[in-house]
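The structure under discussion appears below in the form of C-alpha cells.
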Amino acid sequence: MGPALVQPRLPAPAQCAWPGGCRERPRPPPGPAPEDEEDEEPALEELEQREVLVLGLDGSGKSTFLRVLSGKPPLEGHIPTWGFNSVRLPTKDFEVDLLEIGGSQNLRFYWKEFVNEVDVLVFMVDSADRLRLPWARQELHKLLDKDPDLPVVVVANKQDLSEAMSMVELQQELGLQAIDSQREVFLVAASIAPAGPGFEDPGSVQIWKLLLELLS
Ligand SMILES: Nc1nc2c(ncn2[C@@H]2O[C@H](COP(=O)(O)OP(=O)(O)OP(=O)(O)O)[C@@H](O)[C@H]2O)c(=O)[nH]1
Ligand SMILES: [Mg+2]
C-alpha cells in the first residue's frame, strides 16, 4: 500500500494565519504596576515544543511555506536560503518550530544531521520540476532511510502550474507506492503561492492541520 493521498480543500480566508488558532499571550493589567512588583515580568505559561524540519530541493517553496504559515505574503521570485530559516508558531497546546534548511546542493549534505532530532519531516517538491524529480526522489529516500519511524509529509507544491505533474504520477515517480504500509508518509497537493490570479492555495491550511494531528 502507498501513502495516504490527501485531497486538497480550499481554506476559508482567516485573519489568524495558522489554523491551530492564534494564542493570546497573557498581558499585564492596564494602569501602573504595584510598586513592589514594578520590575516583575508577567508569568508566561510554559508551552511544550514540537520540531518540524522542512526540506526539499532549492526553489521548491520551503521559505514561501514558512512565510505563508506565519501570515506574511510570499516574496516575489526565488531568494535562496543560504543556511537556515525558522519560524515558531504557537498553538493552544504547544509551540511548533519549523526549521528550513536551504535546498541548494552544498547544503543538502547537512540535512541528514537533523532528521533524527525532529518530530515530523515536511519534504517539499516542485510538481512542475520534472527534470529534477529524480534528485528529489533520491534525497527523499535518503532521509526516509535515515529514520524509519519519522512521520513524513511530502508536499506536491505548485499544483497551479499547467506543467505540474498529477498526484498519481508524483506518487509513482517519487517511489512512494513501494513504501512499507506501517510507515507514516502523506502526499499532499498544494499551491502555496499560486502564480496567477484566480487560483487559491489548496494546501497550506491542510498541511498545517495534518502537522497538528501528527504532533499531538
Ligand atoms: N507557481 C507557484 N510558485 C510558487 C509556489 N510556491 C512557491 N513558489 C515560488 O517558488 C519560488 C521558490 O520559492 P522559495 O520558497 O524561496 O524556495 P525554497 O524551497 O525556500 O528554496 P531554497 O531556499 O533555495 O532551498 C518562489 O519564486 C516562489 O514564489 C506555488 O505554489 N506556485
Ligand atoms: Mg528557502
message: Can you tell me which lysines have their Cα less than 28 Å from the Cα of K92? Leave out same-chain residues fewer than eight positions away.
response: K62, K72, K209
- line: Sorted on mean Cβ neighbours within 10 Å (highest first), peptides 85-91, 96-102 come out as 96-102, 85-91
- line: Heads up, the stretch 109-163 by the C-alpha gyration tensor (a ≥ b ≥ c square roots of eigenvalues; a/c under 1.5 rounded, else a/b over b/c prolate, else oblate) looks prolate
- prompt: What's the exposure ranking of E48, E184, going from fewest to most Cβ atoms within 10 Å?
  reply: E48, E184
- prompt: Exposure proxy check: K142, K158 ranked by fewest other beta carbons within 10 Å?
  reply: K142, K158
Relative contact order (%) - criterion: Cα under 8 Å, at least six apart; region: the stretch 64-122: 24 percent
query: Under a 5 Å amide H to amide H cut-off, with H placed in plane at 1.01 Å, what residues pair with M124 once short-range neighbours are removed?
result: L55, G56, V155
- request: Quick one: which residues, 5+ away or cross-chain, put their amide H under 5 Å from the amide H of M165? H built at 1.01 Å from N.
  value: A128
field: Relative exposure of H78, H141, judged by other C-beta atoms within 10 Å (fewest first)
entry: H78, H141
- line: For the stretch 56-100, whose charge dipole is built from +1 on Lys and Arg Cβ atoms and -1 on Asp and Glu Cβ atoms, the candidate among P80, S60, S70 with its Cα farthest towards the positive end is S70
field: Dipole magnitude of the stretch 83-216, debye to nearest 20 (Cβ charges: Lys/Arg +1, Asp/Glu -1, about Cα centre)
entry: 260 debye
message: Please list, by residue number, everything in the stretch 92-120 whose backbone N is under 17 Å from a paramagnetic label point 7 Å out along Cα→Cβ of S86.
response: 94-103, 110-120
field: FRET efficiency estimate (nearest 0.05) - Cβ-Cβ, A195 to D147, R0 35 angstrom
entry: 0.55
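All of the numbers you see were taken from the coordinates with simple rules; none came from a lab. Bear in mind the structure is a predicted one, so any value in this text is a computation, not a measurement. No Cβ is skipped: glycine too gets one built from the backbone with ideal geometry, and neighbour counts run over all protein chains shown.
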